[in-house]
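Here's the structure we're looking at; comments come further down.
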Amino acid sequence: MKDTLKIELKQDTVDNLLAFSELLHKDVNKMLEEALEQYFDSEQQKLINKGIEEDATMTNLDYDEFWDGLDIG
């Protein structure tokens with residue numbers, strides 16, 4: 001069974017797609033694929049950055065408290 005999506009675009013978006021398709025000599029489907037790839041990459045990077053920020057908040061010690069008493073050498 002194949003999943004189906006119902007995609008609705010504003011008329012301005014459709015007009016821009018058609019205009020850029022003609023200007024760039026690109027297929028509309030190719031342009032949509034490229035745009036979605038960029039969107040997914042951007043959102044994935046945001047999620048990664050959010051995860052790093054959340055990991056950084058896992059300790060409530062400041063720098064001096066964290067390293068206090070550690071003898072390096």
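Computed values, structure above
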{"read-out": "Selection within the stretch 33-73 - modelled with pLDDT of 75 or more and of a type in the set (A, V, I, L, M, F, W, C)", "value": "Ala35, Leu36, Phe40, Leu47, Ile48, Ile52"}
{"read-out": "Selection from the stretch 25-47 of residues that are open to solvent by 100 Å² or more (accessible area, probe 1.4 Å) and not polar (S, T, N, Q)", "value": "His25, Lys30, Glu33, Glu37, Tyr39, Phe40, Lys46, Leu47"}
{"read-out": "Answer from Glu8, Glu53 - the residue that is over 17 Å from the mean Cα position of the chain (by Cα), exposed (fewer than 10 other Cβ atoms within 10 Å of the Cβ) and not aromatic (Phe, Trp, Tyr)", "value": "Glu8"}
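The values are calculated or read from the model by the stated rules, or taken from the named source; none is laboratory data. Just so it is clear, the structure is predicted and the values come from calculations on it, not from any experiment. Reconstructed Cβ throughout: ideal geometry from the backbone, glycine too, with neighbour counts over all protein chains shown. The area values use the complete protein model at the heavy-atom level, side chains included, leaving out ligands, DNA and RNA. Shrake-Rupley method; radii C 1.70, N 1.55, O 1.52, S 1.80 Å.
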